[in-house]
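Novice: Below are the structure tokens for one structure; questions will follow.
The values are calculated or read from the model by the stated rules, or taken from the named source; none is laboratory data. Computed from a predicted structure; not experimentally measured. Here the Cβ is made from the backbone with ideal geometry for all residues, glycine too, and neighbour counts use every protein chain on show.
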Amino acid sequence: MNKRPSKKLFGGKLSQTRSLRTRLMLGNMVITILAITGMGYYVYYRAQQANTFLTTQLDQNVQQQAREKLTAASSEQSIYLDNFFLSIRRDITTLGAALGKMLSQTTETGYWDAAQSLSLLPSGSLDNSNNEPASVFIPQNTPLTDSLALELNTARQIDFIVPPLLEANPDVVAIYFGGTSGETIYYPNIDLANIVPPDFDVTKRPWFVKATPAQNPERKAVWSDPYLDAALHGLVITSSTPIYDDRGNFRGVTAMDIQLNRITEIVADIQVGETGYAFLIDKNMRLIAMPLNGYQDLGILPEALPLGETLDQTKVTAQVSPEFWGLMADMADGKSGLATISIGGSERFIVYQPIPEVGYSLAIIVPTQELLADAIAANEQIAQGTRRTVVVSIFLSIAILAAALLATLGIGNRLTRPLVALTQTAEEISGGNINVEAKVGERGEIGTLAQAFNAMTARLRDMIENLETRVAERTSNIERRAILLQTAAEVGHSVASTRDINALLTQTTHLISQRFGFYHVGIFLLDERGEFAVLQAANSEGGRRMLERGHKLRVGQTGIVGYVTAQGQARIALDVGDDAVFFDNPDLPQTRSEMALPLIASGATLGAIDVQSEKSGAFGEEDIATLQVMADQIAIAIENARLFTEGQAALESARRAYGEVSRKGWRQWLDEKAEIGYFISSADKVTPASPATDDPGFAQAVQSGQAVRAEDGATVFVPLRVRGEAIGALRLAKPPEEKWSDEELALTNTLAGQLGAALESARLYEETASRAERERTVTEITTKIRGATDPQTMLETAMEELRQILGVEDIRIRSLVPQKDKETGEDRVDQTV
């Protein structure tokens, strides 16, 4: 007959068949997507590489141009500033040369007469009129000698040179000459005598000292450090040159004060980019020029760092990278260079060039983004072009994917049409119609698949027809074995809790019979010699009769029990063939099958379990494996019960022997001691008990071994027991109005038991200590005796030690030597002291 197969048999495969077209489409789409993606990635990767290369080249070129632009701007401005100071040096050098020629030809010209034009001031210094072009000053204590007057008359001829020079150079605020005698000629006339002290010594001024032969052997123009002019001309620098006559004599120094306001304006007008700026420092890092935006960029207040002050880190509040201060040191050393620094978190270019003429250094700072704006714009254009290309590529890829999807759909429908028909056939089979067959419409793999499917359906029909029968048989066998295993476990658990071997064997036979439904169950155990298997327990009526007459079977000879106990292997006997001879037992006439299982524990055969059934062929080989587990558990339980019984007997014997030894020890100890007793009152003082305190309750408690209450109920006597033997008693008394409760009696019994154990331990300790002392004494005497080699000395040593230990006064040793009696021939003892 036809059965409805489970839908699970084909469900998974049907779903896979139904999705084949989808999977084909997905597969083709995945391949197309991978191809497009791979090609797109390659194109995109190559485009990115090209863009990166172009961008890098562009950045490098723009940066190179920016650096060249910065370098050119700084070089141009530094050259301009250097030329400015160089022109000043040429002017002062020319004026010095002209004055030197004049002083080489000191002749009276009649232009100016020092003797008539100079007047003595109250302070002692000499001064001229304020209406003259120049101020002439001679300090006090310097006399106007003829040579000095001649020198001044000659030097005043520069009145025709200096005023036009001052007018032509607005940056020059003063030109003056200082002679070696201390005289000073100062242009313009500022009434110098009222400005300087009377003892003003021009030869001690820094600009004069710096130009003297000692410090300027090259005789060239020198520059002073910048300083703030007292005449409110701002930051001023002085250029001085030595004056030598034709004979090479040093005659003095002429100098020129130049205000640096124009330099500040020049530096402030230097601008590269939108926010770039320049600043100027000298070799000591003093600030010469700085525009306002430079102060702001560095976070400096102009009043905190005026011109002429040193530029250091303490005055800069902006976050400046450490490289900035290293570059400042390079500028002070007269070096040139270009670097990138960070100011306020923004990246800047800094280029610096020295001003060789005065030892200054010009720096230009400009944000990098301003100089690299062209590169940034070009990079943005490249990025936009790349994005446009990517967008066009995406739309093109989508179009290719759509075309591939349509092509895949057509090809998938053509390929999966036969499979759809085969799928429908499979669905009918999964619905229960296993007689349907697939149509083989074409050759090839799909046709072969249809044929194989039809063959599989035919085998499925045959399989379903026989499946239920086989399943039922296997299920029955499995259930029977499970029942056997469960029952064996229950029997083993039940017998394992029994310690009495006789009760164990009887209980086991009834349990096996009840759980398994066997007709007869008997347990045989080997006798002490191992010759016979003796029946020890049985559950059936016939088995009880065999027990009454002491039924036994010779090992290895009688029945399957004899075989099993001899071989240690299970055996089954059936009611057919040679096995039928085993069933000739008048006590068990209904037996048709028999099985014997050996009882083995610790590798030794203890006996056997004999199981008999009224059914023929009731036992199989698989039953042996199942029931042998139960037999092993029973054997272990029997062995455990036997060992437990033997152990209990040995324990009881040892307890009785130790109790007897303890009783003898206590009797001896009490015989050696006087009557012992102690008394304690509420004063917490323990005193020995006198015989007058004896009470009959002591004897009653000791004789009965139980606590005894006195008639008043306030006194109890509790025995002290050691190993079950009463050795004394406790008398506990309360005030007359109080009675002893059961809980208090239980507590006193417990305490008495603990006290008895403690007394036993103390007695044993005392006995052990006494024995150890005796052994020590014997050892000492023996050692002393063995220390002598002479017998006489040995005897004397022994007698002396015994006298000291035993405390006796007289010790004698006699030797008894047996001799033959000459008359009778018998041995007699001759006593010698």
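Novice: When you look at Leu14, is it surrounded by 16 or more Cβ atoms within 10 Å (Cβ to Cβ), of a type outside the set (Phe, Trp, Tyr), outside the structural domain of Ala255 (by TED's automatic domain parsing) and modelled with pLDDT under 90, yes or no?
Specialist: yes
Novice: Hey, another quick one. With the structure loaded, tell me whether Glu357 is without any contact (Cβ under 8 Å) to a residue 40 or more places away in the chain and outside any strand (DSSP E or B) or whether it fails that test.
Specialist: Taking the combined requirement at face value, the residue does not satisfy it.
Novice: Could you say whether any residue in the stretch 305-319 is in the same structural domain as Ile190 (by TED's automatic domain parsing), in a strand (DSSP E or B) and of a type outside the set (Gly, Ala, Ser)? Reasoning before the result, please.
Specialist: Here is the first cut: in the stretch 305-319, the ones in the same structural domain as Ile190 (by TED's automatic domain parsing) are none.
Within the stretch 305-319, not a single residue is in the same structural domain as Ile190 (by TED's automatic domain parsing), in a strand (DSSP E or B) and of a type outside the set (Gly, Ala, Ser).
Novice: Could you figure out which of (1) of a type outside the set (S, T, N, Q); (2) under 21 Å from Val555 (Cα atoms); (3) not in a strand (DSSP E or B) isn't true of Leu606?
Specialist: (3)
Novice: Continuing with the same structure: So, in the stretch 71-109, of the ones that are without any contact (Cβ under 8 Å) to a residue 24 or more places away in the chain and among the β-branched types (Val, Ile, Thr), which residue ends up farthest from Thr254 (Cα to Cα)?
Specialist: Checking each candidate, the answer is Ile79.
Novice: Only one of Ala573, Ala637, Ala618, Ala566 is under 18 Å from Ile512 (Cα atoms) and free of Cβ contacts under 8 Å to residues at least 60 places away in the same chain; which? Break it down into steps so the answer makes sense when it comes.
Specialist: Numbers: Ala573 fails: under 18 Å from Ile512 (Cα atoms); Ala637 fails: free of Cβ contacts under 8 Å to residues at least 60 places away in the same chain; Ala566 fails: under 18 Å from Ile512 (Cα atoms).
Step by step, each of Ala573, Ala637, Ala618, Ala566 is checked, and only Ala618 is under 18 Å from Ile512 (Cα atoms) and free of Cβ contacts under 8 Å to residues at least 60 places away in the same chain.
Novice: Additional query: Any idea which of Ala769, Ala752, Ala762, Ala729 is on the phi < 0 side of the Ramachandran plot, part of a helix (DSSP H, G or I), surrounded by 11 or more Cβ atoms within 10 Å (Cβ to Cβ) and small (Gly, Ala, Ser)?
Specialist: Values: Ala769 fails: surrounded by 11 or more Cβ atoms within 10 Å (Cβ to Cβ); Ala762 fails: surrounded by 11 or more Cβ atoms within 10 Å (Cβ to Cβ); Ala729 fails: part of a helix (DSSP H, G or I).
When all the criteria are applied, what remains is Ala752.
Novice: Now, a different point. Where in the stretch 504-565 are there strands (runs of 3 or more DSSP E), lying fully within it, with 3 or more residues that are at pLDDT 90 or above? Write out each step before concluding.
Specialist: On the way: elements: 520-526, 532-538, 552-554.
Passing ranges, in order: 520-526, 532-538.
So that you can scan it fast, the table gives a plain yes or no per residue for (1) in a loop (DSSP other than H, G, I, E, B); (2) at pLDDT below 75; (3) within 22 Å of Val778 (Cβ to Cβ):
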{"residue": "Ala788", "(1), (2), (3)": "yes, no, yes"}
{"residue": "Thr793", "(1), (2), (3)": "no, no, yes"}
{"residue": "Thr797", "(1), (2), (3)": "no, no, yes"}
{"residue": "Arg803", "(1), (2), (3)": "no, no, yes"}
{"residue": "Ile811", "(1), (2), (3)": "yes, no, yes"}
{"residue": "Pro818", "(1), (2), (3)": "no, yes, no"}
{"residue": "Glu823", "(1), (2), (3)": "yes, yes, no"}
{"residue": "Arg828", "(1), (2), (3)": "no, yes, no"}
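Novice: In addition: Any residue at all in the stretch 640-660 that's assigned to a helix (DSSP H, G or I), modelled with pLDDT under 70 and surrounded by 14 or more Cβ atoms within 10 Å (Cβ to Cβ)?
Specialist: Yes - at least one qualifying residue is present in the stretch 640-660.
Novice: I've got another one for you. Just give me the residues in the stretch 325-354 being part of a strand (DSSP E or B) and hydroxyl-bearing (Ser, Thr, Tyr), in sequence order.
Specialist: The initial filter retains those residues of the stretch 325-354 that are part of a strand (DSSP E or B), namely 337-343, 346-354.
Listed by number, the residues that qualify are Thr340, Ser342, Ser346, Tyr352.
Novice: Here are Ala758, Ala726: which of them is hydrophobic (A, V, I, L, M, F, W, C) and either within 60 Å of the chain's Cα centre (by Cα) or farther than 16 Å from Ala701 by Cβ (or both)?
Specialist: On the way: Ala726 fails: either within 60 Å of the chain's Cα centre (by Cα) or farther than 16 Å from Ala701 by Cβ (or both).
Only one candidate passes the filter, namely Ala758.
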